[in-house]
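Notes to accompany the following structure.
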Amino acid sequence: MLYESYEIGRGMLAGASALAKAGSSWWTNRANPLAYTGLGEVASAGLEVFAHAAAPRGKPAFGLNRTLIDGEEVVVLETVVDRKPFGQLKRFVRLGAGAEDPQLLIVAPMSGHFATLLRGTVERLLPSHDIYITDWRDAKAVPLSAGLFDLNDYIDYLIDWLALISKSSAGRRPHMLAVCQPSVPAYAAVALMSEGRHPARPVTLTMMGGPVDTRRAPTAVNTLAKERPLAWFEHNVIARVPLIYPGAGRRVYPGFLQLAGFMSMNLGNHMVSHWDMFRHLVEGDGESAEATKAFYEEYRSVCDMDAAFYLQTVEQVFQQHLLPRGEFRHRGHLVDPAAITDVALMAIEGERDDISGLGQTKAALDLAINLPERRKRYMAVRNVGHYGIFNGRRWREIIAPEFERFIRTKGVVAGRLRGMGTSEHELAPPVDGIEFA
């Protein structure tokens, strides 16, 4: 009844949001004498904040219709290259762009948010890359007849899509960027493709804030996953999709539970953000208020995950640590990071990441024991949280330029990147011993 109870509450809040929006408009209506008073400004701002917070949300649009290439504005077309039951491969076609730009597969996290969470990532890289992105489907929209989706399927999807991208460019090997959760399946896919000498194995793999080895600098998220048995998650956070959706009856980890967990981790910050939004509205600073609204429009747009994928991830990645222990298997076949010999690896982490602690992504470099050290790159960025690794000013001005340099040189870079420690691949304790960008 968990999901049904949520739907009832969501319906009630949607009605309250509509009423609040109407009330906000009334308080600012020129025909209302109170609109010219301080009371009108305060009441309107308060109702608008509530209306925005309570409004129902669907899947956002990327809305990236144009970009600049060498100072010239070009049109961007968002196309679907391939469709599978649990996701589709999108491409951002830049009309008139050169064919020599690197092909980049951005692997969006399947973690309760839509791929549009990476809008800022795509936007920053669009001028100089031929970008593809995994657009995962909301599990409640997938009929039961499509079967289940787990980590094995995730890895299969990535391998298939890398092959498709390579085939579309006469055999050129693409690059891959995994943001957060997909660092593990992306790394596994690269190891499997390297072992089989797959012709479409990526030239480079970059992992950002990924839980490769959550035993290193464990966060509150890691501790929660470790201190409870798998049965607790199955009994407390898994629900069946209600009859009103195409995926009726499917067992899922609902997106609204994921969002509630993330919000509760930083509740104080979220309350301050909404207070600031209220204050900006009262002061007439619409630009600042709209910026906060835009962030929460994306942040509160959530989707469900198939229960098989969620539970397998909790068990194998966060509880048993199978990949760093050398016991991770894909459909019974052992995944061996030592097979990675010619795919350059880059790990990027944020000092204030409260989802994946410092060192967890860097572990991927240590596991690839047969990859030359000159093809491994590590970057730790000071004063950056989880979201700031791939969005915001530090992403645009500090992280993205180094990532682009890594891509353009195919991972072979003379000298150290900003953010590397004195010893590039010696794991340092959190903060101490790591040189930050």
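The values are calculated or read from the model by the stated rules, or taken from the named source; none is laboratory data. Since we're looking at a predicted model, the values are computed, not measured. A quick note on method: Cβ atoms are made from the backbone with ideal geometry, for glycine too, and the neighbour counts reach across all protein chains shown.
Count, please, the residues in the stretch 305-334 that happen to be under 17 Å from Leu367 (Cβ atoms) and among the aliphatic types (A, V, I, L, M).
The qualifying residues number 4.
Which of the residues that make up the stretch 194-228 are within 26 Å of Thr121 (Cα to Cα) and either basic (Lys, Arg) or free of Cβ contacts under 8 Å to residues at least 60 places away in the same chain (or both)?
Within the stretch 194-228, Ala200, Arg201 qualify.
Tell me yes or no: at least one residue of the stretch 391-399 is out of contact with any His (no Cβ under 6 Å at 6 or more places or on another chain), at pLDDT 95 or above and of a type in the set (S, T, N, Q).
Looking through the stretch 391-399, none of the residues is out of contact with any His (no Cβ under 6 Å at 6 or more places or on another chain), at pLDDT 95 or above and of a type in the set (S, T, N, Q).
When only residues in the stretch 93-113 that are within 19 Å of Pro211 (Cα to Cα) and in a loop (DSSP other than H, G, I, E, B) count, which is modelled with the lowest pLDDT?
Out of the qualifying residues, it is Gly112.
Between residues in the stretch 67-92 that are closer than 11 Å to Ile133 by Cβ and modelled with pLDDT of 95 or more and residues that are surrounded by fewer than 18 Cβ atoms within 10 Å (Cβ to Cβ) and of a type in the set (Asp, Glu), which pairs lie under 7 Å by C-beta distance while being six or more apart or on different chains?
Close Cβ pairs (under 7 Å, with a partner that is surrounded by fewer than 18 Cβ atoms within 10 Å (Cβ to Cβ) and of a type in the set (Asp, Glu)) amount to Gln88/Asp82; Leu89/Asp82; Lys90/Glu78; Phe92/Glu78.
Would you confirm whether any residue within the stretch 290-305 is modelled with pLDDT of 70 or more and not in a loop (DSSP other than H, G, I, E, B)?
Checked against the condition, which is being modelled with pLDDT of 70 or more and not in a loop (DSSP other than H, G, I, E, B), the stretch 290-305 yields at least one hit.
Given the criterion free of Cβ contacts under 8 Å to residues at least 12 places away in the same chain and either surrounded by fewer than 20 Cβ atoms within 10 Å (Cβ to Cβ) or touching a helix residue (DSSP H, G or I) at 6+ places or on another chain (Cβ under 9 Å) (or both), identify the matching residue among Tyr387, Tyr378.
Tyr387
Does Glu373 fit the bill of being surrounded by fewer than 20 Cβ atoms within 10 Å (Cβ to Cβ) and under 24 Å from Gly120 (Cα atoms)?
No.
Could we say that Ala115 is crowded, with 19+ Cβ neighbours inside 10 Å, closer than 22 Å to Phe390 by Cα and hydrophobic (A, V, I, L, M, F, W, C) here?
For Ala115, the condition - crowded, with 19+ Cβ neighbours inside 10 Å, closer than 22 Å to Phe390 by Cα and hydrophobic (A, V, I, L, M, F, W, C) - is met.
So is Met379 assigned to a strand (DSSP E or B) and touching a Gly at 6+ places or on another chain (Cβ under 6 Å) or not?
Taking the combined requirement at face value, the residue satisfies it.
Determine whether the stretch 325-340 contains at least one residue that is within 18 Å of Leu177 (Cβ to Cβ) and in the same structural domain as Ala186 (by TED's automatic domain parsing).
yes
Collect the residues in the stretch 167-192 that are without any contact (Cβ under 8 Å) to a residue 40 or more places away in the chain, of a type outside the set (D, E, K, R) and surrounded by fewer than 24 Cβ atoms within 10 Å (Cβ to Cβ), keeping them in residue-number order.
The answer is Ala170, Gly171.
List every residue pair whose Cβ atoms lie under 8 Å apart, where the two residues are 6 or more positions apart in sequence or sit on different chains, the first residue falls within the stretch 240-254 and is more than 20 Å from Asp150 (Cβ to Cβ), and the second residue, located anywhere, is aromatic (Phe, Trp, Tyr) and modelled with pLDDT under 90.
Final answer for the pair search is Pro242/Tyr3.
Could you check the stretch 130-141 and list, in sequence order, the residues that are crowded, with 24+ Cβ neighbours inside 10 Å and part of a loop (DSSP other than H, G, I, E, B)?
Correct list: empty.
When you look at Arg124, is it part of a helix (DSSP H, G or I), modelled with pLDDT under 95 and basic (Lys, Arg), yes or no?
no
Could you check the stretch 125-166 and list, in sequence order, the residues that are out of contact with any Leu (no Cβ under 8 Å at 6 or more places or on another chain) and among the hydroxyl-bearing types (Ser, Thr, Tyr)?
Ser128, Ser145, Tyr154, Tyr157, Ser166
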